[in-house]
Structure formats: C-alpha cells, structure tokens
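The values are calculated or read from the model by the stated rules, or taken from the named source; none is laboratory data. Model, not experiment: these values are computed from the prediction. Neighbour counts run over all protein chains shown; Cβ positions are idealised from the backbone, glycine included. Heavy atoms of the whole protein, side chains included, go into the accessibility calculation; ligands, DNA and RNA do not. Shrake-Rupley method; radii C 1.70, N 1.55, O 1.52, S 1.80 Å.
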Amino acid sequence: MSPSKWIQLTNAIGIVSKRGRYNSGTYAHKDIAMEFLTWLSPTFKLYVIQEFQRLKEKESEIQNLQNNEWQSRRLLSKSNYRLQTHAVKKYILNRFIQNPRKEYANEADLLNEVVFQTTAKQFREQNPSLVQKRRNRRDIASTIELTVLANMEAYNSQLIANNLPRSSRYELLMKESARQFSIFYKQNKIR
C-alpha cells in the first residue's frame with residue numbers, strides 16, 4: 001500500500017504525500033515520523049532520540065552562558081554605579097544641595113538618556129506592565145548596552161571629579177557612548 005493510498009483510506013492527519021518534480025515525497029508530523037522510525041529500525045530511533053537530547057542539552061548550555069554573561073554585565077554596571085554615586089557625593093553634594101536624592105537620580109537619568117535615549121520616568125510611562133513586575137530599563141538591557149552603561153558610569157565619575165558642568169558631560173558621554181556602540185555592534189556582526 002502506498003502512503004498516498006493509506007492517507008486517503010484512513011483520512012490520516014499529520015501526514016502528507018506529494019507528487020511532482022520538486023518537493024515530492026511523504027511528509028509527516030515529527031511525532032508520527034518518530035514512530036515511523038520504530039518501524040524502520042528501533043536502533044536508529046534510539047540514535048535519533050539520543051542526538052535530539054544532546055542538541056537540547058547543548059542549546060540549554062548556550063542559553064545558560066548567555067544568561068551568565070548578561071548577569072555579569074548587570075553586576076558590572078551596578079558596581080560602576082558606585083563610582084558615580086561616590087563622585088556625586090564628593091563633588092556635587094558638597095555644594096549645599098537641598099535634595100541629595102534628586103542629584104543621584106539626575107545623574108542616573110543622564111546616563112539613561114545617553115545609553116537608552118530615555119529617562120527612568122519616560123520608561124515607566126511607556127512600559128507600565130514592566131513597572132508592575134518591578135523591572136526597569138536596565139533589567140531588560142542587552143549585554144552591549146550594559147557594557148556601555150558600565151563604561152559611561154566610570155567615565156561620568158571622572159568627568160564629575162573634573163568639575164565639568166552637566167551639559168558638557170552630556171556631550172562628552174554621548175560622543176563616547178556612540179563610539180563604543182559602533183565598535184561593539186561592528187564586532188558582533190563580524191562574529
């Protein structure tokens with residue numbers, strides 16, 4: 001009995017037989033194909049299952065490596081944030097600022113604008129579902145964005161120590177972040 005005749009007689013679902021010059025053959029859902037392997041050769045089916053499991057494990061390992069890389073970049077940006085807060089405390093807050101918390105937030109927003117082109121407030125307004133889950137822009141950033149952010153935090157702390165005004169720092173940070181993004185994105189395209 002041919003596959004097309006069997007499909008016709010049993011009203012089979014999940015299996016198709018095509019005739020013609022191109023793309024001809026019998027195609028089946030993966031579960032049906034696996035059962036066909038049992039009929040064909042139980043040893044071959046076992047080999048296919050083992051290979052499939054190996055590929056899934058490899059996929060899981062790659063995913064774990066990517067997650068670990070992202071987490072390490074997030075930790076780096078958090079640790080470099082301390083450099084920035086120290087600089088704010090030492091060089092900006094000593095000017096008798098009325099609201100110190102606002103100065104820290106202003107510097108964080110300066111970097112958010114430089115790296116993400118949005119302030120924290122704008123992000124919250126545009127993404128209420130993420131805010132409900134207690135996630136901010138930095139939590140969903142790519143590893144490249146987190147790397148540039150960490151670098152900009154360190155650079156900004158140096159600029160603050162040099163007593164540069166906010167507008168000058170913004171321009172310098174924008175130029176440097178653009179330079180770094182272009183390098184990182186070119187590097188990733190090559191790989």
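A few comments on the model shown:
- Diffusion constant of the stretch 11-101 at 20 °C, which comes from Stokes-Einstein with the Kirkwood Cα-pair radius and 1.002 mPa s, µm²/s: 111
- Computed from label points 7 Å out along Cα-Cβ, the spacing between Q50 and H86 is 5.5 nm.
- Table column - 3J(HN,Hα) (Hz), the stretch 170-184, Karplus curve with 6.51, -1.76, 1.60, x for Gly and Pro: 4, 4, 5, 5, 4, 4, 5, 5, 4, 4, 5, 4, 4, 5, 5
- Computed over the chain, Cα set: Rg, Dmax in Å: 28.2, 91
- More than 17 angstrom apart: percent of Cα pairs within the stretch 49-150: 64
- Available extension along the chain between F36 and S182 is 47.5 nm, counting 0.36 nm per residue and deducting the alpha carbon span.
- Equivalent ellipsoid semi-axes - Cα gyration tensor, the stretch 99-191, angstrom: 22, 21, 10
- Close amide H contacts of V16 (hydrogens built in the peptide plane, cut-off under 5 Å, sequence separation of 5 or more or a different chain): Y27, A28.
- Estimated distance in nm for a label pair at N11 and E125, the labels positioned 7 Å out from Cα along Cα-to-Cβ: 5.9
- Degrees separating the helix 30-40 axis from the principal Cα axis of the chain, which is the longest one: 40
- Mean-position separation - Cα centroids, the stretch 1-22 and the stretch 123-148, in angstrom: 50
- Per residue solvent-accessible surface (Å²) - the stretch 1-135, probe of 1.4 Å: 80
- Based on C-alpha pairs under 8 angstrom that are at least 6 apart in sequence, the chain has a relative contact order of 20 percent.
- Between 0 and 90°, nearest 10: helix 100-116 axis offset from the chain longest Cα axis: 40
- All other residues whose Cβ lies under 13 angstrom from that of I15 are scored, Lys and Arg at +1 and Asp and Glu at -1, for a net of +1.
- At R0 = 25 Å, FRET efficiency that the Cβ-Cβ distance of S72 and A161 yields, to 0.05: 0.40
- Placing +1 on each Lys and Arg Cβ and -1 on each Asp and Glu Cβ, with no other charges, gives the stretch 27-135 a dipole about its Cα centre of roughly 780 debye.
- Considering only V131, A105, L37, the residue lying farthest towards the positive end of the dipole of the chain is A105, judged by Cα position with unit charges set on Cβ.
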